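Q: Okay, here's the structure, questions in a sec.
What follows is calculated from the coordinates using simple rules that are stated; it is not laboratory data. Nothing here was measured: the structure is a model prediction, and the numbers come from that model. Neighbour counts run over all protein chains shown; Cβ positions are idealised from the backbone, glycine included.
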Amino acid sequence: MQKTTEGVNQHGGATNSATIHKIGLSASRRAESLAARIEEGAAGLAAFAQGLSDAEWLTPVSATDRRSVGVVVRHVASMYPIEMDLARTVASGKSALDVTWEVVAQVNAKHAQDNAQVSKAAALELLRQNSSEAAAAVRAFTDQELDTATPVALSFGAPVTAQFIIEDHAMRHSWHHLAAIRKAIGR
């Protein structure tokens, strides 16, 4: 839309991002769709986790991933800010070669050790808070930012877009772990 005065478009509506977000709109339809899918995935994980018994909350996710269901739920929640930082880095045109799978493994191991006794209430609150903040951050992306591609170590140095980072990390993460949790619990 063409601006006629600072902060007001030709139709008299606000154009600054803070006002746009207050009324529930995004600068980009794609960004809005991505944000809604982040919220959907987090809500699905939260709803399933909320119904788990104490014993299920402590169940290891798999034979190869011995973290408890509770630790994994908190893991998903705690990764949103990091995933959004990565997406913003790519969107700004900077490469992201310092975040490797080895670094991710170290972060995950430390997280599991530090949060072995996480309560369901604390993990779910962090999931709600961080997924909401991630969705709000995604809504601020423009189409041009979503289309920006730079080399990313997690993609073996391939130039990937900020949208790919959002979809493959912040958006997919809750679905990926929910599937593993469902399999561990047997429902």
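Q: Once both labels are modelled 7 Å past Cα along the beta-carbon direction, what's the V99-D147 spacing in nm?
A: It works out to 2.3 nm between the two label points.
Q: In addition: So if I place +1 on the C-beta of Lys and Arg and -1 on the C-beta of Asp and Glu, and nothing else carries charge, what would the dipole magnitude of the chain be about its Cα centre? I want it in debye, nearest 20.
A: Once rounded to the nearest 20, the dipole reads 340 debye.
Q: Q113 to R182: extension gain in nm, 0.36 nm per residue of separation minus the Cα-Cα distance?
A: 22.6 nm
Q: Based on the mean of other beta carbon atoms within 10 Å per residue, what is the order of 74-80, 163-169, most packed first?
A: By packing density, highest mean first, the sequence is 74-80, 163-169.
Q: Shifting gears a bit: At 24 angstrom or more along the helix axis (alpha-carbon based) and mean Kyte-Doolittle of 0.5 or higher, what helices does the chain contain? Whole DSSP H runs only.
A: 69-91
Q: What is the packing order of peptides 60-71, 103-114, taking the mean over residues of other C-beta atoms within 10 Å and listing the highest first? Working shown, then result.
A: Numbers: 60-71: 16.8, 103-114: 13.2.
Per-residue mean Cβ counts within 10 Å order the peptides as 60-71, 103-114.
Q: Return, for the Cα atoms of the stretch 35-187, the radius of gyration and Dmax in Å, separated by a comma.
A: Rg and Dmax of the stretch 35-187, Cα atoms, are 15.5, 47 Å.
Q: Another question, if that's okay. Could you give the length gained on full extension between R172 and Q50, defined as 0.36 nm per residue of separation minus the Cα-Cα distance, in nm? Could you put the intermediate results ahead of the total?
A: Values: separation 122, 0.36 × 122 = 43.92 nm, distance 1.98 nm.
My answer for the length gained is 41.9 nm.
Q: Find which of Y80, L97, L127 sits farthest along the positive direction of the dipole of the stretch 27-185, computed with +1 on the beta-carbon of Lys and Arg, -1 on that of Asp and Glu, about the Cα centre.
A: L127
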